[in-house]
1. Tell me, please, whether a residue that is closer than 28 Å to Trp156 by Cα and modelled with pLDDT under 95 can be found in the stretch 236-248.
2. Which of the residues spanning the stretch 124-150 are hydrophobic (A, V, I, L, M, F, W, C) and touching a Pro at 6+ places or on another chain (Cβ under 8 Å)?
3. Would you please list the contacts, defined by Cβ atoms under 8 Å and residues six or more apart or on different chains, that run from a residue in the stretch 264-276 that is of a type in the set (A, V, I, L, M) to a residue that is assigned to a loop (DSSP other than H, G, I, E, B) and modelled with pLDDT of 95 or more?
4. Within the stretch 352-366, is there a residue that is modelled with pLDDT of 90 or more and more than 28 Å from Ser48 (Cα to Cα)?
5. Do the conditions hold for Lys111, that is, is it without any contact (Cβ under 8 Å) to a residue 60 or more places away in the chain, more than 22 Å from Ile302 (Cα to Cα), surrounded by fewer than 20 Cβ atoms within 10 Å (Cβ to Cβ) and among the charged types (D, E, K, R)?
6. Given the structure, is Lys275 surrounded by fewer than 18 Cβ atoms within 10 Å (Cβ to Cβ) and of a type outside the set (Phe, Trp, Tyr)?
7. Can you list the strands (runs of 3 or more DSSP E) found entirely within the stretch 87-157 that contain at least 2 residues being of a type in the set (Val, Ile, Thr)?
8. Report whether or not Ala59 is surrounded by 20 or more Cβ atoms within 10 Å (Cβ to Cβ), aliphatic (A, V, I, L, M), under 17 Å from the mean Cα position of the chain (by Cα) and on the phi < 0 side of the Ramachandran plot.
Amino acid sequence: MSLFGATSGFGTGGTSMFGSTTADNHNPMKDIEVTSPPDDSISCLAFSPPTLPGNFLIAGSWANDVRCWEVQDNGQTIPKAQQMHTGPVLDACWSDDGSKVFTASCDKTAKMWDLNSNQAIQIAQHDAPVKTIHWIKAPNYSCVMTGSWDKTLKFWDTRSPTPMMTLQLPERCYCADVFLRMFCHAVNTSVSPNLFYNLIQVHPMAAVATAERGLIVYQLENQPSEFRRIESPLKHQHRCVAIFKDKVNKPTGFALGSIEGRVAIHYINPPNPAKDNFTFKCHRSNGTNTSAPQDIYAVNGIAFHPVHGTLATVGSDGRFSFWDKDARTKLKTSEQLDQPISACCFNHNGNIFAYASSYDWSKGHEFYNPQKKNYIFLRNAAEELKPRNKKMWQNRGRLPQPRQRYRGFVLWTKGGTCSNYGAVPE
């Protein structure tokens, strides 16, 4: 029986393939543990694209390595290979055909890992650590995009040691996302019963967030160029960004997370910006209606479900949460893990949610414990990420008007700020 199918109880029934089902702070959700996790903080996770049969997961870490596992339908994870940098790996991504992995590192280089030959070669060089890396396959070109703390965004032909193009950023690159609109159809071949996919990609877009709250959207069609600079909807340092699509699979906006436990939902061309764009608080504790100070944690990662369009956030508080941005409500929050959740991602069909439990350096080096084990968990996401039933949401009444109070919280404030998702009227 498949643990990752839509009808599976995997990740929700309280059983584990690995040992006891008793309460355990390192795995309170009793999800599947990936075998042989990295030996230091996990900085990034990424699943293989739909062109590759099966599911493969990569993870980059502060142990200077990137690892690859095969994730089988029964939940078993098989370590396949790993490659090294000479500094921490900060980001990693796949090529569209799944044959290569690209990695970005504090050693100021980016590498291309050919999974067939298990060989890695340097393809990019910066003057400072490389924070982000993305594969771009536009209608008329393919390249790798790297963002660095040297305040540049560079585009690389993997066959050349010099960049195709260099764009200056206003500040250091902190996070980025690339979205390629895909029309996908499966084709059976006479050679194999597996389904292979033909992808036609148009309207590629990139969102880049920098230090000093810089925010730039780039159009990647024909050749990369700046589309718009956006005033940040957040007041604190940017930590993560993820592009979302509309019903016809076109990128229309992004979610931006900050170190101040807040996420902004921002549309590129909204009909009504004041109404459509909003922010909400998350990854906080102790509430807002108590005399005790509120604990506020960084949002370390945002990932959109590839089918439902709902999203997951993970934070320094050691929790993950699932949200429905269209219904503007929270779907689920996890139990608290005993260390921060540093990264997350979905597989290509949205059945698997992967998240990494490891120190995120949010409290400085003095709180780093090298003896603390790191974990990667896999959870069935087929049911929990389904959007809130529209009829149920409508039965709860219209969206609140500005400054309508909900059980002691101001849910909506001027500018569309949301303080408490899922609240009900007083």
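The values are calculated or read from the model by the stated rules, or taken from the named source; none is laboratory data. Nothing here was measured: the structure is a model prediction, and the numbers come from that model. No Cβ is skipped: glycine too gets one built from the backbone with ideal geometry, and neighbour counts run over all protein chains shown. SASA here: full protein model, heavy atoms, side chains in, ligands and nucleic acids out. Shrake-Rupley method; radii C 1.70, N 1.55, O 1.52, S 1.80 Å.
1. Yes, the stretch 236-248 has at least one match.
2. Residues satisfying the conditions are Ala124, Ile136, Ala138, Met145, Trp149.
3. Ala264/Ser232; Ala264/Pro233; Ala264/Leu234; Ala264/Asn277; Ile265/Asn277; Ile265/Lys325
4. Yes, because at least one residue in the stretch 352-366 is modelled with pLDDT of 90 or more and more than 28 Å from Ser48 (Cα to Cα).
5. Spelling it out, it is not the case that Lys111 is without any contact (Cβ under 8 Å) to a residue 60 or more places away in the chain, more than 22 Å from Ile302 (Cα to Cα), surrounded by fewer than 20 Cβ atoms within 10 Å (Cβ to Cβ) and among the charged types (D, E, K, R).
6. Criteria met by Lys275.
7. Per the criteria, 100-105, 119-125, 130-138, 141-148.
8. Yes; evaluated as a whole, the condition is true for this residue.
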